[in-house]
1. Can you find a residue in the stretch 297-304 that is touching a Lys or Arg at 6+ places or on another chain (Cβ under 6 Å) and of a type in the set (Gly, Ala, Ser)?
2. Whether any residue in the stretch 257-274 is away from ligand 3 (no atom under 16 Å from the Cβ), among the aromatic types (Phe, Trp, Tyr), assigned by TED's automatic domain parsing to the domain that holds GLY76 and assigned to a loop (DSSP other than H, G, I, E, B) is what I want to check.
3. With the requirement that a residue be of a type in the set (Asp, Glu) and within 12 Å of ligand 1 (Cβ to nearest atom), what does the stretch 264-285 give you?
4. For the stretch 1-18, which positions are under 15 Å from GLN291 (Cβ atoms) and out of contact with any Ser or Thr (no Cβ under 9 Å at 6 or more places or on another chain)?
5. If you take the residues of the stretch 110-166 that are under 30 Å from ALA328 (Cα atoms) and among the acidic types (Asp, Glu), which of them is surrounded by the fewest Cβ atoms within 10 Å (Cβ to Cβ)?
6. Among residues belonging to the stretch 216-254 that are of a type in the set (Val, Ile, Thr) and under 11 Å from TRP187 (Cβ atoms), point out the one that is nearest to ligand 2 (Cβ to nearest atom).
7. Which numbered condition trips up ILE260, out of (1) at pLDDT below 95; (2) within 21 Å of SER159 (Cα to Cα)?
8. Anything in the stretch 196-250 that is within 16 Å of ligand 1 (Cβ to nearest atom) and either β-branched (Val, Ile, Thr) or modelled with pLDDT under 95 (or both)? List them, or say none.
Amino acid sequence: TRTIKLAVIPGDGIGPEVIEQANRVLDAVLAGGEVELARTEFTLGADRFLATGETLPPAEQQAIAEHDAILFGAVGGVPGDARLKHANIERGLLLKLRFDFEHYANVRPCTLFPGVESALRDPGAVDFLVVREGTEGPYAGNGGTLRGGTPNEVATEVSVNTAFGVERVVRYAFEAAKARPRKKLTWVHKTNVLVYAGSMWQRIVGAVSSEYPEIAVDYMHVDAATIHMVQDPSRFDVIVTDNLFGDILTDVAGAIGGGIGLAASGNINPDGTFPSMFEPVHGSAPDIAGQQKADPTAAILSAALLLDHLGLTTEGDRVRDAVRSDLAARGSAPRPTMAIGDAVIAAIPARV
Ligand code: NAD
Ligand code: IPM
Ligand code: MN
């Protein structure tokens, strides 16, 4: 028996509700097999901050680091809650984990499953993967203010791009494209305006592409990429882009793929130095929290990515097959979170 140490961070709002279902699906797909999960739950997020004033104590971060993978729900309170003004849960917890654990490949697949209604009227075949840089760019936290709070305030937020950081995510994206049948990579930036980072990305993509002659490479400015994504998403296979562009493009992709309740992600540390972290793209959705209204599918598909990452691709495929059949059978009537978990578990194909 192989034991996998899994850190679970359910978080706030709908986080615990969707993670409960993802955990049930993990248990069901692994039942009777050679793999067992040893879980540790970490109570972190806005609620923890409000209760104790803590965001991510170093001892807990160290404890999380000693796991094989992390399953993360969502964190964050009600937007605008004054008590959280100085907490910065997103930066102090979620981004801190992504940065400190070197989750440089933030992978966000967009697949329109049969029977699912896209936000697009005529989407065509949608099956692409966004590889979002996860550790630098405008998210680096390199900024400041002068004359804060005055009419003459100056606020800067400087995008940090290192050759090392760009090359490692670009390489990851080429490898991802190589593993897929269409062998296509689109890199997205804003080289007409962001000329320094843009020319470095361009040089690095060019250099790495010479090692991958089988991959067709094209480039789009990020504004044009949003047009192409809504007009003809089938043209995309793998996209690689900067942290902020990737954030925005993957919310568009979420809507194209049938909604934010279905969008999964993995924050990957490909080197294996730190545990990778798997989470739905959505947030804590305070507007529907505690009512069993959240769709747990994004969390369940994130758990499937976790299985893939641990080398359990057969189990990951069995989860995706179960989700696919649930989505194909799903009517338009809303179903409780738990009922979707039940239906997915019932649809898991037997081991072969
Ligand atoms: P959100 O994703 O939480 O919600 C946006 C809308 O989508 C809401 O109407 C919500 O009800 C709906 N929605 C989200 N997930 C759903 C699901 N699984 N099923 C059905 N409907 C769903 O974004 P927001 O409202 O901008 O942010 C709320 C809080 O979450 C904020 O504090 C924000 O910072 C935080 N946040 C956290 C993460 C994360 O932890 N990764 C991501 C985004 C936002
Ligand atoms: C996401 C979220 C986060 C991000 C926020 C909550 C920090 O929007 O995972 O897409 O911007 O990366
Ligand atoms: Mn986002």
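The values are calculated or read from the model by the stated rules, or taken from the named source; none is laboratory data. Fair warning: this is a prediction, and the values are worked out from it, not measured in the lab. With ideal geometry, Cβ positions are generated from the backbone for all residues, glycine too; neighbour counts draw on all protein chains shown.
1. yes
2. Checked against the condition, which is being away from ligand 3 (no atom under 16 Å from the Cβ), among the aromatic types (Phe, Trp, Tyr), assigned by TED's automatic domain parsing to the domain that holds GLY76 and assigned to a loop (DSSP other than H, G, I, E, B), the stretch 257-274 yields at least one hit.
3. Passing the criteria: only GLU279.
4. PRO16
5. ASP122
6. Within the stretch 216-254, the match that is nearest to ligand 2 (Cβ to nearest atom) is THR241.
7. Failed condition: (2).
8. Once the filter is applied, which keeps residues that are within 16 Å of ligand 1 (Cβ to nearest atom) and either β-branched (Val, Ile, Thr) or modelled with pLDDT under 95 (or both), the stretch 196-250 yields ILE248, THR250.
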